[in-house]
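The values are calculated or read from the model by the stated rules, or taken from the named source; none is laboratory data. Only a predicted model underlies this, so the values are computations on that prediction, with no experimental measurement involved. So basically every Cβ, Gly included, is an ideal-geometry build from the backbone, and we count neighbours across all protein chains shown. Only protein heavy atoms, including side chains, enter the accessible area calculation; ligands, DNA and RNA are left aside. Shrake-Rupley method; radii C 1.70, N 1.55, O 1.52, S 1.80 Å.
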Amino acid sequence: MKCFSTIKLSVQICIAVLIAGFFTTFYSCSTSNDLVKNGVSDYKIFVSQKAIEPEKNAAVELQKYIYKISGCKLGITDKTDADDKLIYIGFQQVPSVLITGLDTASFSNEEFIIRSDGKNLLIAGGHSRGTMFGVVTYLTDYLHCRWYTREVIKIPAQPTITLSKIEDRQKPTLQYREPFYHEAYDTQWALHNRTNNHAIPDSLGGAYVTFPFVHTFYQLVSPQKYFARHPEYFAESGGKRLESKGQLCLTNPAVVKAATETVFEWIRTHPEANVYSIDQNDGEGYCECVHCKALDIKEGSHSGTLINFVNQIADTVAKVHPEIALQTLAYDYTEIPPKNLRPADNVMIRLCHYQYCSAHPLGTCDSHKEYINRLEQWKKISKRITIWDYYTQFASFLMPFPNFETMKHDVKFYADHGVVGLFAQGNNVPDDGHGEFTELRAWVFAQLMWNPDKDAQGLIDEFVENVYGDASGYVSQYIKLMHDQVKPASAYFSIWTDPEDTNYLNLKSIQKADSLFTLAKNSTRKDTAVYKRVERAYLPVLFTKLYFYSIGGTAYVQGDLGKEVQDFKRIIAGNRITSLAEMPMVGSIPKFLERVQSKDHFITDWYIIGPFDNEERKGFSTVYAPERGFDTTRTYAGKSADVKWKQYSDNTSGYIDFAKQFTPQKNVVSYAYTKIKLDQAKTVRFGAGSNDGVRVWINGKMVLDRPVLRKAVPNDDIISVPMVKGDNTVLVKVDQTGNKWGFYFAQKNGSDVKKQQ
Ligand SMILES: [Zn+2]
Ligand SMILES: [Zn+2]
C-alpha cells in the first residue's frame, strides 16, 4: 500500500511527498527497507481474523502512532500476499520464516518478540497482553515515543522510519507491577508504560487483577452476617470475641468452611481476577483462643494460624481450579514466617516493608536488616512472593521526600531476590494526591519494574529534561540538594517523619531550594504548561515554608505571608490536591492553612537552664532553684554538673528543643524563662505542647501542670491567664524520660505581644 497524508501539510510539502512517494514505489521491490519513507509507505499491517481483540487493537495502536510519527496511515489487512510488505501483529498466519526457532505457545501472557528480517516485521506475544506490549515497546524502544505523564507525551516526528534487522524478545522481570501513583491509573499511561494495574481494560490486554484488593477477612466472613449467631467465628482478644477492629478465629473449621464458600463465590463473580486475597484486616486483634494460641506458639509466629487457614482454603480451591492463586499478607503481626508450615503452591505471599529508613536502598542500611532476613526466610518456603513497599511520605504527602536512592535500587534488589511482583505505595488518594514528584516516581518505577537493569539515574535525568524543559537544570539541582544531605549513613527518615525531624529540611536548604525554583519559574514563564509543572514541583518547598511558619518558624516566610498562602491555594486547586496526608484527619488542607494563618505568637526567645535530676520522675515535682527565682549570675548544682542560665533564641521553629541543648538526656528536667510585656492588664490565652510533662508558672503562679508522656504538638493544652500591665514572667519546666525533649509555648492570636528579656 502506498499512502501519503495531506493533513496539516502545505501544498509544497505535498508535492515533495508525491515525488518521494514516486521514488519509494519505484525502489520498493528492490532495496528499500524503510517502513515509511518521507511520509509514504508500501507496507500494510497484517492481523489475522483469528487474532484476539487486544491483538486487533494492537494493530490499530501501531497504525495510529505510525501515522502520528510519520504522517503516513498504513492500511490494516487480514489478507496475505507473497509480494506484500507486511507488519505481522500476533502469531496467527505468520510465515514460518518469521517464526523460525520460536515455540510460539511458550510465550507467557506479557512476553513478546519484535523480529525483523529487514523486509517484514513481526510483533507478537503471549495472550493476553504480549502482542500489545510488543507494539508499545516498538513505539518506545525503536521509535522513541514516551508517555512521561498524562500530559507530557513525546511522539517524535520521523517522516522516514527505517526497518532494520531486529531480534528482541522481552518479558517483564516482575509479573505484577503497580506504582500506586495517580498518574499510573490513566489507561494510556499504564498501557504505554507497561504496568498492569486495573487501568488497562481487557480490550487492550487487561490487567493483573487482585480481588478483593486487600484486608479482606470481614469480606470473607462478615460480622454482620455471623457475629450474632456465631461470635466464636471471630477473634478472641482479652477474653472477648471482637465484632469489629479484629481478625477471625482461624483455627475454627466452620470459619474455614464459610471463608472457602466466599472464595468460590468470588471466583464465580470475578473470573477476571488473577489472584484472590485472603488478607488479615488492617490493625491487630488476632485470635488468642486456646487453639489459635497453641498453633501460633508452635509456629513461632501469628503467621502460623494464617498459613494453616489459607492452605486449607487453597487445597479445596486447587481441586476445582488448579490454575487459580490465592494470596495472603505477611504484614505487621504476621511478618515472621511460620517455623514448620509451608504456604501451598497456589498461595502467594504479599510481604510488606513498613517501618524503615527511606534514605538508603535495601541492603545498604542497618534499618533494613531484619526485614531482609524475613524476606529471605519467606523465600525459602515460597516461590511466589510479591512485595508491598512504601515510597511516599505518609505524614505529609507534600513534604520533600528524598528517597530516590531507594526507588533506583530497590526494584533490582527485589528482582534479584526472586520476588514476582511489586506494589510501590505512592499517594494515589482521590482524586489526586500529588506528593513530591509523583509523576516522575510513577514513570521511573514503571520502567524499572519491567526491566530493573535499566539505568535508573538516566531515567530520572531523562524525565526531568523532558518534563521540566528549560527549568530542568534547576530542578535537577534541587533534587541533588535534597538527596546529597541524606547520603550519610547517619541520615534517617521514614514515611512518618515530620519535617522538623529530618536532617535535610532546614532554613538553609529551604532558602536554597526556594531560590532554585525562582530561577526555574523565571526560565519557563513563557511556556504555561511547563511553568505549571515547575510550580507543582515547587509545591513541596512552599509547603515546607508554610509548615515551619505554622510552628513558629517565622524566618521561613520573610515576605508577604498572604501571597505565599494564595500561591499555595492556587497550586493546590490547579492540581486537584485534596489531602496533605495518608490519614485524612491529619491531611486536612483547611486545617493546615488555619494553623499557618492563626496569628499565634510562638515565643522563641528564652533563657534556659538544666538539666536537673528526674529519676523516677521525682524531679518533675521537686522545687529546684529556678522555681525560687531568676538570676543569671548564679550557678546551681545540675544532674551531672553545675548549670547556669543561658540565652536561647531561634526564629526557625517555635519548638524549644531541649534535646539539642542539654546533656545528659535521660530522666532529667530543664527550665525556660522569659518575660512578656503588655500595654494593659488582660486575660491572655496560651497554647502549650510538650515532650514529655510540662509545668508553667506565670508571675510565679503555676498555671499548667501536665505530668504526661507525649509527642510535642503546638496547642495541646490551652490555658487562659490573667496578666498584668507591664512585665509578666513565664517559667516553663519540661521533663524528659527518653528520646525527644522540648516544648512549644505560644500566645494565642498574639499579634500584639511584646517580648522583653
Ligand atoms: Zn481462635
Ligand atoms: Zn538508612
Lysines with Cα under 23 Å of Lys666, excluding same-chain neighbours fewer than 8 positions away: Lys618, Lys639, Lys644, Lys646, Lys711, Lys733, Lys740
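Determine, for each peptide in 241-249, 551-559, the mean count of other beta carbons within 10 angstrom over its residues, then list the peptides with the highest first.
Highest mean packing first, the order is 241-249, 551-559.
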Exposure ranking of Phe133, Phe630 by accessible area [1.4 Å probe, largest first]: Phe630, Phe133
Accessible-area composition of the stretch 11-171, carbon plus sulfur, in percent [1.4 Å probe]: 55 percent
Label zone at Asn340, where the point sits 7 Å out along the Cα-to-Cβ direction: the stretch 377-400 residues whose backbone N lies under 12 Å: none
Within the chain, percent of DSSP bridges classed antiparallel, to nearest 5: 65 percent
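May I ask you to compute the full-extension gain from His417 to Thr663, defined as 0.36 nm times their residue separation minus their alpha-carbon distance, rounded to one decimal in nm?
Stretched fully, the His417-Thr663 segment lengthens by 84.2 nm.
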Net lengthening on full extension, Lys68/Trp496 (0.36 nm per residue, minus Cα-Cα): 149.6 nm
Percent of alpha-carbon pairs separated by more than 20 Å within the stretch 601-692: 41 percent
³J(HN,Hα) computed for each position of the stretch 665-677 - Karplus, 6.51 cos²θ - 1.76 cosθ + 1.60, integer Hz, glycine/proline x: 10, 10, 6, 9, 10, 9, 10, 9, 9, 8, 10, 10, 9
By average C-beta atoms within 10 angstrom, highest first, the peptides 345-352, 77-84, 663-670: 345-352, 663-670, 77-84
Asn651 versus Glu151: modelled label distance in nm, points set 7 Å from Cα along the beta carbon direction: 3.7 nm
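Between Met583 and Glu288, take the C-beta separation as r, use R0 = 25 Å, and let me know the FRET efficiency to the nearest 0.05.
0.35
Just how many % of Cα pairs in the stretch 498-596 lie over 20 Å apart, if you round to the nearest whole percent?
Of the Cα pairs, 38 percent sit more than 20 Å apart.
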Sum of side-chain charges, Tyr331 neighbourhood, beta-carbon under 14 Å (Lys, Arg +1; Asp, Glu -1): -4
Extension gain (nm, one decimal) between Lys257 and Glu370, 0.36 nm per residue minus Cα-Cα: 37.1 nm
Under Karplus coefficients 6.51, -1.76 and 1.60, residue-wise ³J(HN,Hα) of the stretch 712-727 in Hz, glycine/proline x: 6, 10, x, 6, 4, 10, 10, 10, 10, 10, x, 10, 9, 5, x, 6
Proximal charge balance of Arg146 [Cβ under 10 Å; K/R count +1, D/E count -1]: 0
